[in-house]
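First up is the structure itself, then whatever we jot down about it.
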Amino acid sequence: MDAIPEEQVVLGEEIDHVRVVTLNRPRQLNAVSPELLYLLAAYMEKWEKDDKAELIIIKGAGRAFCPGGDLRVFYDRLKTKDSSCLEEFFYRFYWLCYHISTYKKTQVALVHGISMGGGAALMVPLKFSVVTEKAVFATPEASIGFHADCGFSYYHSRLPGHLGEYLTLTGGRLSGKEIVAARLATHFVSSEKILELEKRLISLNSGDENAVKSVIEEFSSEVKLDEESILNKQSIIDECFSKDSVEEIIKALEAEANKEGNGWIGAALKTMKRSSPTALKIMLRSVREGRNQTLSECVKKEFRLTINILRTTLSEDMYEGIRALTIDKDNAPKWEPPSLDKVDNGKLDLIFQPFDKNLELQIPEKEECRWDGKSENSVYAIPNKTIPISG
C-alpha cells in the first residue's frame, strides 16, 4: 500500500497571468511554521521575478487566514534554551513581511477568518485586502509576553487617534466591517460571494490595479458599523490611551469604567491586567516611537525587540506566556516582574538599542506600500543561509 503523502503546507497555483497561494494548515488555523514560511517566501520571490505573473492572490484554507506564528512549534524549540533557530525564523519572517509590503506585483488578500498578530501582516499592507463577516483581526501579543511585530508598530501608529494603542495594549478584536472602517483592509465582501470573487479575479487574468479594483467593488458592500462598535468609542479611546504611561492609561480607564455606556472598558482593563507588564511597556513605547519611524525602521526595531525577548534580556515572560496559554492552558502565567512598577526602565532602554550593523535585519531604507506610497519600490533577496545573529 502506497504511503499517504504529507499535506503541503503551502499550495501555489499558476493560472496564466494569475498566481494563487493558499496557506494550507487548516488544523492549525494556518499558523506560520518554519516550513510554511520558507515555502511562502519562495513562491513570492519566484513570482515577483516572473514577467508572466501579474496578479497574486493570497488566501487561507479552512476557517482562518493566518493567526501568526505557531506557538507550539516555538515552545518546543524554546524549551532547549537555544534561540538560534528561532532567531533565523524571525529574521526570515520579518524580511517576508517587509517584502510583501513593498511587492512590485498587484496583490489581493482574501481574508475569511482569523487574521491576527504577524499573520495580519499578510493582509494589512497589500494594495487590496478583502475581508468577510467571518474575519477577525487582533494583535494579542501582550497576553503571551511578546510584542506587536511584523510592522505593527508602524501600522498601529498610523490608525486614527489612539486606536493603535488601544489595539496594541488590549488585544481588542475587530470584526470584518470594523477592519475596513479602521483602514486595516480595503474592502468588505460577504462570505457567500468570496469564492465567486476569486473566480472573477482569476478570469480577469490581469494585474491592472484599476481593473482589479473594479472587480472587487462589484462584489463589495458598504460598511455600516453597529452602534456598539468599538470604533464609535474613539473619543474615550483617545482620552484614555493618549496618556504617557501604561499606568496612567489604566488609571484613566478605571475612571471611565463606571460611566453609562462604558461597559466595554471592563473587558479591556481585565485583559491589560492579565497581560505581561513588561510586554505592555514594550508595546506602548514601540507604537509611540513608530509614529516617527518609517516602515523599515519599525521592522528593524521590532526585530531587535524580538531577539532580546528570545534571549530573555529583560524577562522570560514569553516562555511563560506560551506555556500558560497554549501548552498547559492553565491561563495563569506567572509574570516576572509581576507588576508594572517593577519593570526595570533601564533594561527597557537597553532592548531598544540598535545592534551592531552586521547583526541588524538587512532590509532597504525606502519602501512603497499602501500605508505610505511616497518612496520607491525596493526589493531585497531573501537570505538563503543561516543568519549570524546569535552570540
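The values are calculated or read from the model by the stated rules, or taken from the named source; none is laboratory data. Quick caveat, the model's predicted, so the values are computed rather than measured. Cβ placement follows ideal geometry from the backbone for every residue including glycine, while neighbour counts extend to all protein chains displayed. Side chains are part of the model used for accessible areas, which takes the heavy atoms of the whole protein and leaves out ligands, DNA and RNA. Shrake-Rupley method; radii C 1.70, N 1.55, O 1.52, S 1.80 Å.
So the values come out like this:
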| read-out | value |
| --- | --- |
| Simple label model, 7 Å out from Cα along Cβ direction - Ala255 to Glu14, nm | 6.2 nm |
| Cα pair distances in the chain, grouped into 20 Å bins until the bin that holds the longest one, percent each | 28, 59, 12, 0 |
| Ratio Rg/Rh [Cα only; Rh per Kirkwood] for region 1-150 | 0.97 |
| Convex hull volume of region 2-53 per residue (C-alpha atoms, cubic angstrom) | 96 Å³ |
| Region 86-144, accessible area per residue, ligands and nucleic acids excluded (1.4 Å, Å²) | 16 Å² |
| Cα-based Lys pair tally, region 1-114, threshold under 26 Å, eight or more apart or on separate chains | 10 |
| With every protein chain in place, the chain: carbon and sulfur % of accessible area (1.4 Å) | 47 percent |
| Kirkwood-type radius of region 130-176, with distances r between different C-alpha atoms, in Å | 11.2 Å |
| Amide H partners (placed H, <5 Å) of Gly69, local residues excluded | Val32, Gly118, Gly119 |
| Virtual spin-label span in nm between Ser339 and Ala211, 7 Å along Cα→Cβ | 6.4 nm |
| Residues in region 244-267 reached by a label modelled at Leu348 [backbone nitrogen below 19 Å; 7 Å Cα→Cβ] | 244-254 |
| Normalised per residue, the volume of the convex hull around the Cα set of region 172-250 (Å³) | 130 Å³ |
| Sites Lys105 and Thr326, calculated FRET efficiency, Cβ-Cβ separation with R0 35 Å, nearest 0.05 | 0.50 |
| Where region 182-290 is the region considered: accessible area per residue in Å², 1.4 Å probe | 51 Å² |
| Full-extension gain in nm, Gln293 to Arg274, via 0.36 nm per residue minus C-alpha separation | 3.9 nm |
| Stretchable slack from Gln234 to Glu192, in nm (0.36 nm times residue separation minus alpha-carbon distance) | 12.0 nm |
| If the convex hull is drawn through the Cα atoms of region 158-292, its volume per residue in Å³ | 141 Å³ |
